[in-house]
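The values are calculated or read from the model by the stated rules, or taken from the named source; none is laboratory data. Everything numeric here is computed off the predicted structure, so don't read it as measured data. Here the Cβ positions follow ideal geometry from the backbone for every residue, glycine too, while neighbour counts run over all protein chains shown. Keep in mind that these areas ignore ligands, DNA and RNA; they rest on the heavy atoms of the full protein, side chains included. Shrake-Rupley method; radii C 1.70, N 1.55, O 1.52, S 1.80 Å.
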Amino acid sequence: MRPPSYKAIVDEFAAAIRSGALPAGTRLPTHRVLARERRIALATATRVYTELAAAGLVVGEQGRGTFVRTRSGYDGIEPSRALPVPRVADLSFNQPLAPGQGDLLRQALRTLASSGDAEALLRQHPPGGHRHDRAVVAGYLLGRGVDTAPENVLLTSGAQQALDCVLRTLTRPGDVLAVDALSYPGVKLLAAAHGLDLAPVPVTATGPDLDALEWLCRARPVRAVYTMPTVHNPLGWVLDRAQRDRLAAIATARGCTLIEDGTYAFLEASPPPPLHALAPEHTCYVAGLSKNVAPGLRFGFAVLPGRLLRAATSSLRAAAWGAPGLVTALATGWLADGTVARLERHRRADATARQRVAATALAGLDVTAHPASYLVWLGLAEHQRPDQVAAVLAGEGILVSTADAFATGPHHPRAVRLALATPPLDALAGVLGRLRTAVEAIPP
């Protein structure tokens, strides 16, 4: 009898997992046992488990085996957010809002309604925005160390669209995109959508392994490098000037483009110069107002070298055109009158206070965090699987993100990410205490 193809075995396992015939936590046969039982090559058995892992159905633990995943919390790009008990706290996603922002919005809308030509807000803006709106953003970016002409700024519906626009402009299916081995999940989603080959760069305690990146750029035709040099998501690092200089030098020498994500950069009060300042012709800078103003304000921007502007504008035109006029007017008004600067100062103080709470509540655990950020990377014990921990916490009404969401390569560390911004500050200590108790109670 002819042995089944690896695809048939994948489908068989997937059906059993989804039906519950193989419940969460089940240890699957080793690669060698699977190869022997199914009369397939060892490499084919490995391919079976690789496809199941890519589908989010199993998780491999080095030295322990392959397990059926427990799907709870934010465990991937399209997570299940259902909880078996009433929700206590959402630590899987940052949705920061400052006190009184509703009143700020009401006042801003009244101002817009009474402005000279309110109907202009309903007209179609050009792809990338009007020049005067782009000039407001350029002025704001100057405070971040990004010195650019308004013509080089494109306005978008959030930072994710800005990143999508840049990738559409720079890459074609099959191109190599270098990215930190732990990175923002949205870049994985876009890379898959554009058919890009993600090349993970090992991470260290202080940033990406630049020796490994340089070797990668020599060995493969890297088209672009996606990086978050200032307040990294999820690890919180801020690259020093020497690291930034070397990144800029690698991009210049190898002819690849740096994609600098400044989404959380506002949380670092005195950062080194952005990569854009060091290599403007080899850097695209993307950011938005979701984390520093409001997650529902879908307003972002991309700064590109002049040689890419025509193609990027065409990309925006083909996709979603850019930011709507009403959102642009609201955002640029807040940028111009100092509201965004005030909110950023509030966010830095708030994030610092939350990190102090977390440092006390999680003292003695394996914690990695920037002292003024909304993110905590929590390492787990050897016997704890991230999906298992997420399931236990879901039973406590607490949502967290597992390391799988951030891993861009085959190695998925034993860790979960905690987003601190959403719970009320006065409730955070209790939430983290409850989380700690639940995690430490998981038996070996």
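Results, tabulated for the structure shown:
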item	result
Per residue accessible area of the chain, 1.4 Å probe, in Å²	43 Å²
Overall Cα dimensions of the stretch 151-257, principal axis frame, Å, largest first	32, 29, 28
Rg to Rh, two decimals, where the stretch 151-206 supplies the alpha carbon set and Rh follows Kirkwood	1.01
Carbon plus sulfur fraction of accessible area for the chain, probe 1.4 Å, in percent	56 percent
Helix 241-254 vs. the chain, principal-axis angle (Cα, 0 to 90°, nearest 10)	80 degrees
Accessible surface, 1.4 Å probe, highest first, among residues 11, 147	147, 11
Compactness of the stretch 185-239 as Cα Rg over 2.2 N^0.38 Å, two decimals	1.18
Mean Cα-pair separation over length for the chain, i.e. relative contact order, pairs under 8 Å, 6 or more apart, %	21 percent
Dipole magnitude (debye, nearest 20) for the stretch 147-283, charges at Cβ of Lys, Arg, Asp, Glu	340 debye
Angle in degrees between helix 6-19 and the longest Cα principal axis of the chain, rounded to the nearest 10	80 degrees
Diffusion coefficient, µm² s⁻¹, Stokes-Einstein with Kirkwood Rh over alpha-carbon pairs of the stretch 253-389 at 4 °C and 1.567 mPa s	72 µm²/s
DSSP bridge pairs, the stretch 254-312: antiparallel proportion in percent, nearest 5	50 percent
Calculated from backbone phi, Karplus (6.51, -1.76, 1.60) coupling profile of the stretch 347-356 in Hz, x at Gly/Pro	4, 4, 5, 5, 4, 4, 4, 5, 5, 5
Viscosity 1.567 mPa s, 4 °C: Kirkwood-radius Stokes-Einstein D of the stretch 352-424 over Cα pairs, µm²/s	100 µm²/s
Counting all C-alpha pairs of the stretch 103-175, share separated by more than 15 Å (%)	70 percent
Distance histogram for the stretch 75-208 (every C-alpha pair counted, 10 angstrom bins, percent rounded to whole numbers)	9, 22, 32, 26, 11, 1
Residue 12 accessible area, assembled protein chains, probe 1.4 Å, Å²	100 Å²
Computed Kirkwood radius, in angstrom, where 1/r is averaged over Cα pairs of the stretch 264-341	14.3 Å
Separation of the residue 172 and residue 342 label points, Cα + 7 Å toward Cβ, nm	5.1 nm
Which of 157, 19 is most accessible, then next, and so on - probe 1.4 Å	19, 157
Residue of 95, 355, 124 that the Gaussian network model of the chain assigns the largest fluctuation, springs spanning Cα pairs under 10 Å	124
Beta bridges per DSSP with both ends in the chain, % antiparallel, nearest 5	55 percent
Per residue Cα convex hull volume in Å³ - calculated over the stretch 207-307	104 Å³
In Å², nearest 10: area of residue 10 left accessible to a 1.4 Å probe	10 Å²
Antiparallel DSSP beta bridges within the stretch 199-321, percent to nearest 5	45 percent
Cα pair distances in the chain, grouped into 20 Å bins until the bin that holds the longest one, percent each	24, 53, 21, 1, 0
Long-range amide H partners of residue 257 with built H, under 5 Å	224, 225
Separation of the residue 192 and residue 5 label points, Cα + 7 Å toward Cβ, nm	2.2 nm
Convex hull volume of the stretch 306-387 per residue (C-alpha atoms, cubic angstrom)	211 Å³
Residue among 42, 425, 247 with the largest mean-square fluctuation in a Gaussian network model of the chain, springs linking Cα atoms under 10 Å	42
Tilt relative to the chain, helix 101-113 - C-alpha long axis, 0 to 90 degrees, to 10	40 degrees
Longest to shortest principal axis, alpha-carbon extents of the stretch 236-294, angstrom	38, 19, 17
